[in-house]
Amino acid sequence: MEMLSGAEMVIRSLQDQKIEYIYGYPGGSVLHIYDALAQQEQIKHILVRHEQAATHMADAYARASGKPGVVLVTSGPGATNAVTGIATAFMDSIPMVVLCGQVPSTLIGEDAFQETDMMGVSRPVVKHNFAVKHPSEIPGLIKKAFYIASSGRPGPVVIDIPKDMTTPTDKFEYHYPESVSMRSYSPATRGHSGQIKKAVELLLSARRPMIIVGGGTIGGRASAEATELARTLNYPVTTTLMGLGGFPASDPLWLGWPGMHGTYEANTALHNSDLILSIGARFDDRVTNATEKFCPTAKIIHIDIDPSSISKTIAADVPIVGPAKSVLIEMLALLAKTDRVPDAEALSEWWSQIDQWRQRHGGRYELNDNGLLKPQQVIEALYKVTKGDAYICSDVGQHQMFAAQYYKFDKPNRWINSGGLGTMGFGFPAAMGVKLHYPDAEVVCVTGEGSFQMNLQEFSTCSQYDIPVKIVCLNNQSLGMVRQWQDMNYDSRHSQSYVKSLPDFHKLTDAYGHKAITVKTEAELIPALEEAFALKDELVFLDIHIDPTEHVYPMLVPKASMRDMWLSKTERT
Amino acid sequence: MRHIIAVLLENEAGALSRVVGLFSQRNFNIETLTVAPTEDPTLSRLTVTTSGSDRVIEQITKQLNKLIEVVKLVDLTEGEHIEREMMLIKLKATGQHRDEVKRTVDIFRGQIVDVTSSIYTVQLIGDQGKLDAFINAIGEAYVLETVRTGVSGIARGDKVLSL
């Protein structure tokens with residue numbers, strides 16, 4: 001048996017886990033681990049400029065690839081800086097393993113230098129966390145961490161590693177377990193057949209059906225099955241913000257996404273439906289609007305791997321706990337066997353109703369006569385130039401909503417955004433994480449000048465590792481979504497939503513050795529995007545000046561039902 | 001409605017803080033909480049009393065089950081069950097009232113476990129209602145100090161909460 005120090009075990013375990021990249025930042029408590037890292041070549045380490053960025057990179061890698069991302073940070077501020085990224089992954093059910101240094105176990109509790117109770121701090125925002133009590137536990141805990149992070153409903157797992165657990169001279173037998181079994185953790189591997197049968201019967205007798213494809217469809221790699229089911233039944237589909245790409249946007253069955261800034265047709269169809277099949281969506285407040293007014297005539301079939309997501313906000317009529325993929329495969333098998341078909345007449349009536357609703361708003365927006373670009377125009381141009389095939393990593397705010405509305409995703413794992421936590425500063429490091437793993441793909445960060453400044457230090461990381469992402473910054477010189485709410489609810493008092501003294505983004509980008517292009521007119525837009533994407537090996541920052549007064553529509557009227565929307569500044573349903 | 005939930009938990013450092021944290025994090029109500037290791041030293045048994053609508057209780061049990069260190073749980077109030085709580089209570093016992101206190105303790109089948117010339121310390125076991133009734137019967141004016149263990153519960157009959 002091989003004898004290794006705790007530090008060596010950390011690195012060896014990651015090697016045995018076939019980890020290619022880790023993202024992190026060194027510091028006192030993890031120096032032994034960094035020293036072990038330096039003595040091997042299999043695992044590449046990306047040195048970020050702020051730990052939050054490390055977590056977002058790992059997170060976005062996981063979102064794009066489906067495999068857990070790995071982060072290594074030091075104790076105290078290193079760990080607390082990582083918390084926002086851990087919480088971001090937690091809210092969106094993203095698998096991630098975060099290794100945190102800790103002060104030596106002999107000093108824990110004594111307010112030692114760079115000591116933070118990371119077990120306590122991270123507890124509410126992790127799927128689970130472990131503290132290492134003895135170096136020989138390290139391989140087993142790392143194996144468990146990966147297993148927990150990526151099975152069931154995925155999520156981040158933190159391992160707290162006191163420095164004395166990694167002392168180079170203390171060697172122990174190393175053995176990386178083949179598999180994990182835990183008596184207290186056994187996620188469902190398939191749904192209940194009786195419930196699935198009931199669901200199929202309900203589906204076949206629906207007259208006004210809707211299918212909601214959520215983030216769990218993508219996380220559960222069930223997009224193909226969900227698509228097949230919808231096409232088999234010819235039922236309309238809406239994909240949540242987290243589910244974009246889980247069903248192809250170019251398919252005529254797709255109605256856009258539901259919720260606060262969802263399409264008129266998706267929201268209205270949901271409200272009027274008699275049956276909703278939800279696949280891995282959790283009916284969060286940004287989707288449902290007032291829960292007591294939510295879809296009054298709809299029965300609900302709810303497929304979710306996490307039983308606590310079912311009937312949490314909206315009561316399900318047919319709950320199915322299980323992985324989306326296996327449940328859908330069983331549903332498709334039942335549909336293939338049965339002679340029953342949906343009521344064709346009812347369905348055709350439903351579709352003609354939906355087609356009318358599609359005409360009502362249809363994603364329209366008004367162009368400016370003063371020449372100022374509209375954000376929607378920019379996203380449409382981006383879609384055109386990238387042929388709809390880019391990874392779009394978004395920050396948070398109006399630009400996120402515009403990107404989600406106007407970039408049409410045909411594939412899963414291409415739309416990467418902080419949906420649950422709404423973390424400004426997510427987009428840029430997320431794009432970096434994706435680009436590292438998919439160097440040949442077009443990877444775009446869609447951001448605003450507010451969000452971008454929350455992690456712009458990563459320009460430096462991109463210089464160091466040559467990460468040529470494209471940054472589309474919709475610069476409206478204000479915190480657009482805050483401003484929109486202030487316009488709508490606070491008599492346009494723009495309290496602290498105007499960003500005074502913006503940097504010269506051109507010079508800033510230049511300072512880090514990247515290229516910037518400023519765009520102020522429609523005529524410049526497409527050529528600038530084409531130029532940016534032609535520069536395959538360069539990071540290009542597109543500072544695109546847009547109309548600061550634009551609002552995102554449709555927008556659900558607060559505390560109302562799904563059919564109550566603002567369609568423009570002046571038009572309400 | 002009041003519920004008594006019994007939980008088998010991995011007997012590991014930090015496991016209890018996850019349970020307690022869950023209740024505050026998700027705005028669940030917690031009335032009493034008792035915890036101790038079981039005959040299997042790798043397991044702790046925890047009894048929590050809480051209240052809420054059916055939907056809230058369903059969420060509480062689901063969220064508890066989701067904690068990695070929770071091995072098994074049961075809502076005891078769904079079936080026939082026994083609940084007990086122990087109270088130690090220090091009572092003023094002077095003058096003619098001294099006898100009255102003694103009689104009340106006997107009626108409630110409590111035991112006087114410590115005595116001074118002016119104080120009885122009483123041990124009383126029962127369900128929450130019985131302990132509350134005892135304090136009422138004695139009169140709050142005579143109560144100097146109370147300590148209650150919180151509720152422990154177990155199902156009646158053949159039902160067993162074990163691995």
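Here is how the numbers come out for the structure above:
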quantity: Test: residue in segment B:71-83 that is in contact with a Ser or Thr (Cβ under 6 Å, 6 or more places away or on another chain), closer than 18 Å to residue A:308 by Cα and within 14 Å of chain A (Cβ to nearest Cβ); calculated: yes
quantity: Sole exception among (1) open to solvent by less than 60 Å² (accessible area, probe 1.4 Å); (2) within 14 Å of chain B (Cβ to nearest Cβ); (3) assigned to a loop (DSSP other than H, G, I, E, B) for residue A:315, by number; calculated: (1)
quantity: Sole residue being away from every other protein chain (no Cβ under 14 Å) and surrounded by fewer than 24 Cβ atoms within 10 Å (Cβ to Cβ), chosen from A:266, A:249; calculated: A:249
quantity: Residues that are within 11 Å of another protein chain (Cβ to nearest Cβ) and hydrophobic (A, V, I, L, M, F, W, C), drawn from segment B:8-18; calculated: B:8, B:9, B:13, B:15
quantity: Residues of segment A:150-186 that turn out to be assigned to a helix (DSSP H, G or I) and either more than 22 Å from residue A:19 (Cα to Cα) or within 11 Å of chain B (Cβ to nearest Cβ) (or both), as a count; calculated: 2
quantity: Qualifying residue in segment A:375-384 (condition: touching a residue at least 40 places away in the same chain (Cβ under 8 Å) and part of a loop (DSSP other than H, G, I, E, B)); calculated: no
quantity: Which listed residue is open to solvent by less than 30 Å² (accessible area, probe 1.4 Å) and of a type in the set (Gly, Ala, Ser), from B:79, B:14, B:95; calculated: B:79
quantity: Some residue of segment A:372-383 being among the acidic types (Asp, Glu), farther than 19 Å from residue A:51 by Cα and open to solvent by 10 Å² or more (accessible area, probe 1.4 Å); calculated: yes
quantity: Search result, residues across segment A:346-362 that are outside any helix (DSSP H, G or I) and surrounded by 15 or more Cβ atoms within 10 Å (Cβ to Cβ); calculated: A:361
quantity: Enumerated strands (runs of 3 or more DSSP E) restricted to segment B:78-157, each holding at least 3 residues that are closer than 29 Å to residue B:4 by Cα and of a type outside the set (A, V, I, L, M, F, W, C); calculated: B:81-92, B:119-126, B:143-148
quantity: Output for segment A:304-349, where each listed residue is among the polar types (S, T, N, Q) and in contact with a Lys or Arg (Cβ under 6 Å, 6 or more places away or on another chain); calculated: A:308, A:309, A:326
quantity: Tally, over segment B:19-32, of residues that are away from every other protein chain (no Cβ under 14 Å) and open to solvent by 60 Å² or more (accessible area, probe 1.4 Å); calculated: 3
quantity: Every residue from segment A:466-507 that is surrounded by fewer than 14 Cβ atoms within 10 Å (Cβ to Cβ), among the small types (Gly, Ala, Ser) and under 14 Å from residue A:549 (Cα atoms); calculated: A:492
quantity: Scope segment A:118-143; condition facing another protein chain (nearest Cβ under 9 Å) and out of contact with any strand residue (DSSP E or B) (no Cβ under 6 Å at 6 or more places or on another chain); matching residues; calculated: A:120, A:123, A:124, A:133
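The values are calculated or read from the model by the stated rules, or taken from the named source; none is laboratory data. Just so it is clear, the structure is predicted and the values come from calculations on it, not from any experiment. No Cβ is skipped: glycine too gets one built from the backbone with ideal geometry, and neighbour counts run over all protein chains shown. In case anyone asks, the SASA skips ligands and DNA or RNA and just uses the protein heavy atoms, side chains included. Shrake-Rupley method; radii C 1.70, N 1.55, O 1.52, S 1.80 Å.
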